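The values are calculated or read from the model by the stated rules, or taken from the named source; none is laboratory data. Quantities reported herein were computed from a predicted structural model and do not represent experimental measurements. Every residue, glycine as well, gets a Cβ built from its backbone with ideal geometry; the counts of neighbours run over all protein chains shown.
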Amino acid sequence: MCGTCGCGNSLLKPPQRKTAEKGAVQYRSTAPVETRRIRVERDLLAENDTLAAQNRAFFAVRNILALNLVSSPGSGKTTLLVKTIIALNGIKPLAVIEGDQQTDNDAERIRATGVQAIQINTGKGCHLDAGMVGHALEQLALPQESLLFIENVGNLVCPAAFDLGEAAKVVVLSVTEGEDKPLKYPDMFRAARLMLLNKCDLLPHLVFDVAQAEANARRVNPDIEIIQLSASSGAGMEDWLGWLAHAQQAVTAA
């Protein structure tokens, strides 16, 4: 799956044996290669954290609010970004860094709004890292007090572990997904400051328990903020824009 974090590198996977437990199949390590895997991952994350600190310093000097948008594929992140840009364009300088394994389709959608966007194609990589973002920053002309959106690769696993230098991770969960996503992918929801529950206009046509989804998110992260919205209908967008304004004020006052 990923050639940079090691999650798909068979050389880092210890030999395993399959065991059955209550009808489920589980894999357990049978060799000390696990120690090597942990050491490699720590080295990768340490290098990433150094570059993330450089990005964070870049943002701090310029009072730039950088947000890392994360989600499963198909959550509506890009549509949300387009609607957000339309609402904010002309009010403050904006830019977007787009992360996808292939194509520049999403970056083209952003550029169509008149906002500058840099596409990062990760190939087989399943997340953006701080080095990729740092290189993208060299291509962007970001004035003081800009708002930078980083749309990460659609994946609720690896992006949770990689700091990009952002002020916050914003996880987008659509109501077309299961209420148990926060429990299945706790690291992502634990790392996020805000959860946007998107596509709420579809609720009348779905079996989705909003209260349960929010309770699951708070079970893994009691401090997570939650906003219900629909990028398509515009419902809840004022709450999202208000959250952005407050976050920008906090960055400027720091």
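State whether the residues of region 199-218 include one that is surrounded by fewer than 14 Cβ atoms within 10 Å (Cβ to Cβ) and within 22 Å of Trp243 (Cα to Cα). Within region 199-218, one or more residues are surrounded by fewer than 14 Cβ atoms within 10 Å (Cβ to Cβ) and within 22 Å of Trp243 (Cα to Cα). Residues that are in contact with a helix residue (DSSP H, G or I) (Cβ under 7 Å, 6 or more places away or on another chain), outside any loop (DSSP other than H, G, I, E, B) and closer than 23 Å to Leu80 by Cα within region 123-147 comprise Val133, Leu137, Leu147, listed in sequence order. Between Lys92, Lys83, the distinction of being of a type in the set (D, E, K, R) and not in a helix (DSSP H, G or I) belongs to Lys92 only. Has region 32-52 got any residue that is in a loop (DSSP other than H, G, I, E, B), buried (at least 16 other Cβ atoms within 10 Å of the Cβ) and at pLDDT 75 or above? Within region 32-52 (the criterion being in a loop (DSSP other than H, G, I, E, B), buried (at least 16 other Cβ atoms within 10 Å of the Cβ) and at pLDDT 75 or above), the answer is no, since none of the residues qualifies. Of the residues making up region 157-185, those that are closer than 16 Å to Thr78 by Cα, under 13 Å from the mean Cα position of the chain (by Cα) and not β-branched (Val, Ile, Thr) are Lys169, Leu173.
Okay, residues lined up against (1) over 15 Å from the mean Cα position of the chain (by Cα); (2) within 15 Å of Leu244 (Cα to Cα); (3) surrounded by fewer than 20 Cβ atoms within 10 Å (Cβ to Cβ):
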| site | (1), (2), (3) |
| --- | --- |
| Ala57 | yes, no, yes |
| Arg62 | yes, no, yes |
| Gly74 | no, no, yes |
| Ile91 | yes, yes, yes |
| Ile97 | no, no, no |
| Asp104 | yes, no, yes |
| Ala112 | yes, no, yes |
| Asn121 | yes, no, yes |
